[in-house]
Structure formats: structure tokens, C-alpha cells
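The values are calculated or read from the model by the stated rules, or taken from the named source; none is laboratory data. Just so it is clear, the model here is predicted, and its values are computed rather than measured. No Cβ is skipped: glycine too gets one built from the backbone with ideal geometry, and neighbour counts run over all protein chains shown.
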Amino acid sequence: GQVIPGFDIAVLGLAVGETRTQRIEPADGYGPSDPELVIEVPLADLPEGVVAGDPLFTGTSQQVTVVSVDEGAGTAMIDTNFFLAGKVLIFDVELVELIPAG
């Protein structure tokens with residue numbers, strides 16, 4: 001319960017010392033990407049020379065991604081979703097120790 005749901009699922013049934021490669025779909029990872037979190041911002045608010053694909057960091061150290069830049073309009077589209085939202089994740093998991101809850 002302290003990690004993404006897919007990771008909890010990945011360790012179910014493992015014995016100490018066992019390993020597994022687990023594919024985790026977005027629904028069991030960080031969720032789908034929310035199109036409403038892709039926002040338009042003025043280029044004047046961004047570092048000079050940004051291009052599509054550039055990662056940026058907000059004042060709270062959140063990573064966001066430049067999706068597109070429109071020099072003519074003086075704007076850029078920024079994806080503020082968590083960078084792993086909407087992504088399929090692959091984990092190699094090894095159960096090292098089993099600690100009873102409580």
C-alpha cells in the first residue's frame with residue numbers, strides 16, 4: 001500500500017530470493033495522462049531557447065515537459081502531468097526479505 005498498486009501485485013506470491021519481471025500498465029502505475037494538465041504558457045515565462053521535449057522544473061521542483069513551441073504566437077504547450085503518468089512500466093523485482101505487517 002505504500003507503492004503503486006502494480007508493484008504490490010508484482011510481489012504477490014514471491015518467496016524470499018525469487019525474482020520477477022513485471023509489466024505495469026498505467027492504471028496500476030501512475031495513472032493515465034490527463035489532457036487537461038497540458039497547458040499553454042507564454043514563452044516569456046520560460047527559459048530562452050526551449051524546444052519541444054525539453055524537461056523543465058517548477059518552483060516546487062516538479063518536472064514538466066515542453067510539448068510544443070509556437071514562436072509566432074509567443075506560447076508553448078507544457079505537460080504538467082507526472083512524467084510517468086500514462087507510461088507502461090517494467091520492473092525487475094527481487095523479494096529480499098518478508099516483514100510481517102503491523
Pairs only if they're at least six apart or on different chains, beta carbon under 8 angstrom, first in region 29-52 and among the hydrophobic types (A, V, I, L, M, F, W, C), second in a helix (DSSP H, G or I); list them, first residue then second. 50/43
Filtered residues of region 1-50 (kept if among the small types (Gly, Ala, Ser) and over 24 Å from the mean Cα position of the chain (by Cα)): 13, 15, 17, 44, 49
Criterion violated by residue 87 - all others in (1) in a loop (DSSP other than H, G, I, E, B); (2) surrounded by 10 or more Cβ atoms within 10 Å (Cβ to Cβ); (3) among the charged types (D, E, K, R); (4) at pLDDT below 95 satisfied: (4)
